[in-house]
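Q: Please find one structure pasted underneath; my questions will follow.
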Amino acid sequence: MAAERGTENGSSYAWCFSHGRLHVFQAGQDPWCTAEWVTVQGATREAALAAKAEHFGDAQFFDELPAGQHHALINARGAASR
Ligand SMILES: [Zn+2]
C-alpha cells in the first residue's frame with residue numbers, strides 16, 4: 001500500500017529523462033516506465049537525487065544533457081537491464 005514511499009525492501013530509484021522526475025521501481029517487478037530512465041544509487045529518495053545531481057547535474061530532461069552524457073545514459077541502461 002505504501003509502495004510509493006517505502007523503499008527499504010530492495011526497491012530501486014531511477015531518474016527518468018522523459019518524465020523529468022524520479023521513479024521508484026519495486027524489487028522483483030519489471031520497471032513500469034519504458035522511457036529514458038537510468039538507475040541511480042541511493043537508499044533514500046534524497047540520496048538518489050544527490051546521486052542523480054552528481055552524475056547529471058541539473059539536467060531534468062534528455063534534451064538538457066550534453067551529448068557525451070547521452071552515451072553514458074545509454075550505457076547505464078544497458079547495465080541496468082541485465
Ligand atoms: Zn518515466
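Taken together, the values in this text are just the output of simple stated rules run on the coordinates, not laboratory data. None of the values given here were measured: they were computed from a predicted structure. Counting neighbours? That spans all protein chains shown, and the Cβs are built from the backbone with ideal geometry, glycine included.
Q: Restricting to the stretch 22-47, give me the number of residues that are within 9 Å of the ligand (Cβ to nearest atom) and loosely packed, with under 11 Cβ neighbours inside 10 Å.
A: The number of residues fulfilling the criteria is 2.
Q: Next question. May I ask you to list pairs of residues, at least six apart or on different chains, whose Cβ atoms are under 7 Å apart, with the first in the stretch 43-58 being within 13 Å of Arg21 (Cα to Cα) and the second being polar (S, T, N, Q) and surrounded by 14 or more Cβ atoms within 10 Å (Cβ to Cβ)?
A: Going by the 7 Å Cβ cut-off, the qualifying pairs are Phe56/Gln69.
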